[in-house]
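Reviewing the structure listed below.
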Amino acid sequence: MYLFTSHSRGLWLFSFVKLRGEELGMKKIIELRGISKAYDGETVLDHIHLDIYDNEFLTLLGPSGCGKTTTLRMIGGFEQPDEGDVMFLGERINDLPPHKRNVNTVFQKYALFPHLNVFDNVAFPLKERKVPKDEIEQKVTEMLKLVKLSGFEKRNVTRLSGGQQQRVAIARALVNHPQVLLLDEPLGALDLKLRKDMQQELKNIQKATGITFVFVTHDQEEALSMSDTIVVMSEGRIQQIGTPTDIYNEPQNAFVADFIGESNIVDGVMREDYKVTFSGHTFQCVDKGFAKNEPVDVVVRPEDVDIVPLEKGMLRGLVTSVTFMGVHYEIIIDIGGFKWMIQTTDFVAEGEQVGLFIEPDAIHIMKKSEYSGMFGDYSSFSMELDELSDAESEDAE
Amino acid sequence: MKRRGDLAARWSLAPYSVWALLFILVPLVFVAYYAFTDTDMHFTFDNIRKFFTATSTVTGDNGETLQVRTYMVIFWRSVKLAVISTVVCLLMGYPIAYIIARATPKVQKTVITLIMIPMWMNFLIRTYAWMTILQDTGILNNFLASLHLGRMHIIGTESAVVIGMVYDYLPYMILPIYSIMAKLDLKLLEAAHDLGCNGISTLRRVVFPLSLPGVVSGVTMVLIPSISTFYISQKLGNGKFFLIGDAIEGQYVANNLHFAAAIAFILMVILLIAMALMKRYTDKSVAGGV
């Protein structure tokens with residue numbers, strides 16, 4: 001994707017999806033073609049188109065209720081689409097029940113069989129296929145080694161820690177060597193430290209086995225650090241598909257820009273190619289292809305704004321709050337009534353007037369969308385509020 | 001402070017302890033005491049011996065007379081009918097419990113209430129109701145006749161006794177299994193499907209092993225009262241299938257309190273041993289996997 005630098009931004013939205021895998025000669029494993037689903041008249045998925053390629057780590061990312069879990073369950077066979085087709089290696093599998101799909105799932109709360117010990121949980125799918133006993137023994141041992149649970153064979157699964165149960169669930173889902181492994185917020189119940197370790201380990205397991213992982217999460221950091229491809233979803237629609245760097249650097253609309261990382265999103269007008277006006281100043285930028293004087297959304301990441309002496313600034317603002325975050329300060333600056341968030345290692349005092357400088361490639365232009373004006377203003381910003389809303393979204397779904 | 005709290009807690013249990021002592025332990029001691037004494041309250045094994053050795057003469061099918069051990073015949077007959085009833089209850093109750101547990105909460109509540117309503121009626125009345133249903137000129141036969149399907153002779157057969165017992169004890173099988181099934185994590189069923197199980201093997205490998213505690217308590221709650229049941233066989237079996245419960249009742253009514261206590265005592269010991277064995281076996285199978 002680095003082939004597509006910022007110059008062609010905005011134009012390749014649709015061509016991009018095709019280029020992602022086929023350009024690299026990768027095999028398409030799963031295709032979702034125009035999937036729609038509604039429960040009691042409420043649309044959960046709205047014409048989803050998604051291709052999933054062999055050997056990729058793909059993450060479905062979005063807030064609760066965005067349809068990511070439903071999408072996963074559709075691939076697993078637990079939900080049937082109202083409209084559209086689920087294709088597996090070119091074959092329509094809409095009506096194929098879960099037990100006939102070459103896809104396995106790691107469930108959110110693991111769903112280990114409490115009446116079976118660790119060995120028998122992992123051996124469960126093999127016994128169903130009537131695999132010979134010595135082969136079962138060998139495969140289970142191998143899997144437990146992969147998830148670092150050797151020696152735990154006879155343990156009661158209900159007495160394992162969350163992290164260990166998680167590993168058993170992964171081993172059990174992988175022992176059949178499915179072509180695709182589905183993971184439904186598998187790290188949601190783990191504490192932060194364990195979560196970080198498991199992220200790395202999942203990534204390693206994916207590389208070691210070469211199995212396609214489809215991972216569901218609402219945690220954008222997790223998605224950015226683990227994925228080859230991120231699919232950002234909201235309100236039953238795919239907002240953007242791309243690599244983590246694409247999603248972060250080239251968000252498609254205000255929703256994506258806001259959901260991934262911190263963003264200042266302001267109204268702007270595209271004067272001509274490479275020239276945009278916002279906050280009363282016309283900036284050089286690296287985007288083109290918009291109509292003359294087209295209204296646009298402008299994204300500037302908090303870490304891309306430099307604080308400079310007042311006279312050198314392109315914009316001027318009043319510092320309204322300063323928070324020390326350890327590595328940097330998080331500063332809220334009022335620029336003509338719009339509150340910007342800026343992350344800087346330089347200290348400025350509250351109440352100070354400062355100048356701001358923005359490099360052309362720090363400015364990202366997006367077409368106006370239904371999400372315009374909904375995000376990217378820090379006027380009501382409060383850390384506590386942010387945390388509160390995070391905690392809520394973890395419990396939902 | 002803490003000690004006083006403990007003391008208060010202990011005293012608050014006192015009424016229950018007294019109740020348990022008076023109404024559970026004391027009667028049991030009396031049963032044992034009567035079982036091992038004669039009418040003069042002297043210690044004796046006679047009552048116990050009588051249970052195992054008493055004989056009576058019966059007329060066989062081909063007219064010859066046989067000497068049989070009276071209470072052994074009654075005991076094994078009770079076991080047989082109780083086991084049949086329990087198996088029928090299990091075969092009927094298990095699927096019913098499963099279906100109820102899968103229904104919507106509102107349906108679950110309604111059906112469970114419907115199942116419990118007959119339990120609020122006196123069982124003598126329920127047994128009489130079955131008499132009127134099963135008689136040769138009863139409701140069932142009149143219905144069959146009206147459909148020109150002919151009549152069935154049921155009343156006075158072992159089948160009639162089993163029907164009566166199944167009807168009486170089925171709720172005791174359904175309720176414990178249902179309560180386990182209702183708590184079953186549906187994700188486990190999805191996991192089983194995901195890992196290659198079709199409906200039947202999910203039932204066999206996941207649902208059944210996990211519902212085993214419910215099955216064990218259901219079987220216990222049906223088997224024990226149906227072994228010691230009385231009256232049902234007198235009414236629905238036309239008195240031809242004297243059961244151990246009837247024997248106890250008969251001895252008691254005839255004022256042979258000591259022998260009645262001995263029969264009750266022996267039955268209790270046998271059931272305790274049976275339950276202990278059953279518990280041991282099922283614990284092992286639950287822990288060891290299926």
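All of the numbers you see were taken from the coordinates with simple rules; none came from a lab. Fair warning: this is a prediction, and the values are worked out from it, not measured in the lab. Using ideal geometry, Cβ is built from the backbone for each residue, glycine included, and neighbour counts are taken over all protein chains shown.
For chain B, relative contact order (Cα pairs under 8 Å, six or more residues apart, normalised by length) works out to 24 percent. Across the options B:Ile270, B:Val73, B:Gln251, the greatest Cα extent toward the positive end of the charge dipole of chain B (unit charges at beta carbon of Lys, Arg, Asp, Glu) belongs to B:Ile270.
Here the label points at A:Glu294 and A:Glu91, each 7 Å from Cα along the C-beta direction, are separated by 4.4 nm in the simple model.
Which entries of B:Lys50/B:Lys80; A:Lys207/A:Lys339; A:Lys130/B:Lys187 have Cα-Cα distances beyond 32 Å here?
Details: B:Lys50/B:Lys80 22 Å; A:Lys207/A:Lys339 43 Å; A:Lys130/B:Lys187 23 Å.
Correct reply: A:Lys207/A:Lys339.
Three principal axis extents describe the C-alpha atoms of chain A; from largest down they are 79, 42, 42 Å.
Span-like helix criteria (full DSSP H runs; alpha carbon extent of at least 20 Å along the helix axis; mean Kyte-Doolittle hydropathy of at least 0.0) are satisfied in chain B by B:70-102, B:158-183, B:208-227, B:257-288. Diagonalising the gyration tensor over the Cα atoms of region B:210-290 and scaling each eigenvalue by 5 before taking the square root yields semi-axes of 32, 16, 7 Å, largest first.
Which whole number in µm²/s is D for region B:34-120 by Stokes-Einstein, with the Kirkwood Rh taken over Cα pairs at 10 °C and 1.306 mPa s? Mind dumping the intermediate values first?
Values: Rh = 17.7 Å.
Translational D for this selection: 90 µm²/s.
Seen against the Cα atoms of chain A and their longest principal axis, helix A:192-209 is set at about 60 degrees.
Computed across the protein assembly as shown, the Kirkwood hydrodynamic radius from all distinct Cα-Cα pairs reaches 31.9 Å.
Put simply, the Cα atoms of region B:154-273 extend 64, 34, 18 Å along their principal axes, the longest span coming first.
When the helices in chain B are scored as -39500 (n - 2.57) per DSSP H run of 4 or longer and the sum is shared across all residues, what 222 nm value do you end up with, to the nearest 500 deg cm²/dmol?
Details: 15 runs with 207 residues, N = 290.
Mean residue ellipticity at 222 nm (helix-derived): -23000 deg cm²/dmol.
With viscosity set to 0.692 mPa s and temperature to 37 °C, compute the Stokes-Einstein D of region A:12-249, Rh being the Kirkwood radius across alpha carbon pairs; µm²/s, no decimals. Let's see the in-between values first.
Values: Rh = 18.4 Å.
Translational D for this selection: 179 µm²/s.
Stokes-Einstein diffusion for region A:129-182 at 25 °C, viscosity 0.890 mPa s, with a Kirkwood radius from C-alpha pairs, works out to 208 µm²/s. Running a GNM on chain B with Cα contacts under 10 Å, which residue among B:Val87, B:Val215, B:Val26 ends up with the highest mean-square fluctuation? Evaluated over chain B, the most mobile residue of the options is B:Val26.
For region A:263-395, count the residues as N, evaluate 2.2 N^0.38 Å, and divide the Cα radius of gyration by that value, please. It would help to have the intermediate numbers written out before the result.
Working: Rg = 15.5 Å, N = 133, 2.2 N^0.38 = 14.1 Å.
Ratio of Rg to 2.2 N^0.38 Å for region A:263-395: 1.10.
Tell me the relative contact order for region B:123-185 as a rounded percent, counting alpha carbon contacts under 8 Å between residues six or more apart.
Relative contact order for region B:123-185 comes out at 25 percent.
Ranked by Cβ crowding within 10 angstrom, fewest neighbours first, how are A:Ile238, A:Ile230 ordered?
Details: A:Ile238 24, A:Ile230 28.
If I rank by nearby Cβ atoms, fewest first, I get A:Ile238, A:Ile230.
Relative contact order of chain A: what whole-number percent is it, with Cα pairs under 8 angstrom and at least 6 residues apart?
Working: 792 pairs, mean separation 63.1, N = 397.
Over chain A, the number comes to 16 percent.
Residue pairs exceeding 29 angstrom between C-alpha atoms, taken from A:Lys28/A:Lys368; A:Lys127/A:Lys148; A:Lys37/A:Lys288: A:Lys28/A:Lys368; A:Lys37/A:Lys288. You can think of it this way: the chain between B:His42 and B:Met278 has 81.3 nm of extra reach, that is 0.36 nm per residue less the Cα-Cα gap.
Relative to the present Cα-Cα distance, how much length would full extension add between A:Gln80 and A:His47 at 0.36 nm per residue of separation? Let's see the in-between values first.
Details: separation 33, 0.36 × 33 = 11.88 nm, distance 1.36 nm.
Computed gain between A:Gln80 and A:His47 is 10.5 nm.
Placing dummy labels 7 Å off each Cα toward the beta-carbon, the span from B:Ser146 to B:Val18 is 5.8 nm. From least to most packed, judged by other beta carbons within 10 angstrom and beginning with the fewest, A:Leu96, A:Leu310, A:Leu126, B:Leu189 follow the order A:Leu310, A:Leu96, B:Leu189, A:Leu126.
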